[in-house]
Amino acid sequence: MVQHEKIPLETLYDQASRCRGCELWQGRTNLVFGVGNPHADVLIVGEAPGEQEDLRGEPFVGRAGQLLNEMLGYAGLKREDIYIANVLKCRPPGNRNPQAPEIQACSYFLREQTRTIDPKYIVTLGNFAMKFILKTDKGITKMRGQVHQAGRFQVFPVYHPAYVLRNGSQRPVLQADFERLGQLLNG
C-alpha cells in the first residue's frame, strides 16, 4: 500500500478556509475545522457545526459539547487528550442534515485530518458520522458500542450527545460506551 505524505493540520486549515467547494462557506461565521491534540489516540467525529460552533469556530462547544466533555471522563480522557472534528467544516443552514455535494466537498479535509492525526480509534458521534466513516446503511442502534474496522482504523460508534440530551434515558448507554472506550484504550 502506498503511504501518502501527511499534510500538516495548519496547511489543511488554510486549504479549508479557502474552500469554495459548496455553498456553505457563504453563510459561515467561522470555519469549524477541528481542535485538539494533533497526535491523539482518539479522533472524535461529529456531523457538522451547530450555531455555537459556527460562532466560536470550535466543534462541540454548546450543550452537546458539555455532555461530551463529561462522557470523556468516563473513558479517562480530557478534551485536550483527543482531537475533535466534524464531517462538515461549515454549518448547514438551520442545522439541517448535510447534503451529498457538501459531504463530497468536505470529505478530503476529514480524510487528511485522519491521516495526519493517525489515531488508534475514531469515535463517531451519531448515525450520520458513523454511516459516513463506515460506509454502511446500518443504524447506530445496531452498531454502537462495538469496534468496527475501516481500512486501518478502529471505529467505535456511539450515540450523539445531542440525541442523548433529547432522550435522557440513553444517557447510561452513552456512559457505558465511553467506559468501554476507556477499557479499549487501556487494554
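Structural remarks
- Qualifying residue in region 83-92 (condition: within 17 Å of V35 (Cα to Cα), part of a loop (DSSP other than H, G, I, E, B), open to solvent by 10 Å² or more (accessible area, probe 1.4 Å) and out of contact with any helix residue (DSSP H, G or I) (no Cβ under 7 Å at 6 or more places or on another chain)): no
- Among the residues listed as T141, T136, the single one being part of a helix (DSSP H, G or I) and among the polar types (S, T, N, Q): T141
- Hits in region 26-74 - residues which are in a loop (DSSP other than H, G, I, E, B), closer than 24 Å to Q170 by Cα and open to solvent by 10 Å² or more (accessible area, probe 1.4 Å): E47, A48, G50, F60, V61, G62
- Residue in region 95-107 that is part of a helix (DSSP H, G or I), open to solvent by 20 Å² or more (accessible area, probe 1.4 Å), at pLDDT below 95 and of a type in the set (D, E, K, R) present: no
- Inter-residue pairs, beta-carbon under 8 Å, first open to solvent by less than 50 Å² (accessible area, probe 1.4 Å) and in region 108-131, second assigned to a helix (DSSP H, G or I) and of a type outside the set (A, V, I, L, M), 6+ apart: F109/Q15; I122/T114; T124/F132; L125/P161; G126/Y163
- Going through (1) at pLDDT below 95; (2) more than 15 Å from the chain's Cα centre (by Cα) one by one, L165 falls short only on (1).
The values are calculated or read from the model by the stated rules, or taken from the named source; none is laboratory data. Given the structure is predicted, the values throughout are model-derived calculations rather than measurements. So basically every Cβ, Gly included, is an ideal-geometry build from the backbone, and we count neighbours across all protein chains shown. We work out accessible area using only protein heavy atoms, side chains counted, and drop any ligands, DNA or RNA first. Shrake-Rupley method; radii C 1.70, N 1.55, O 1.52, S 1.80 Å.
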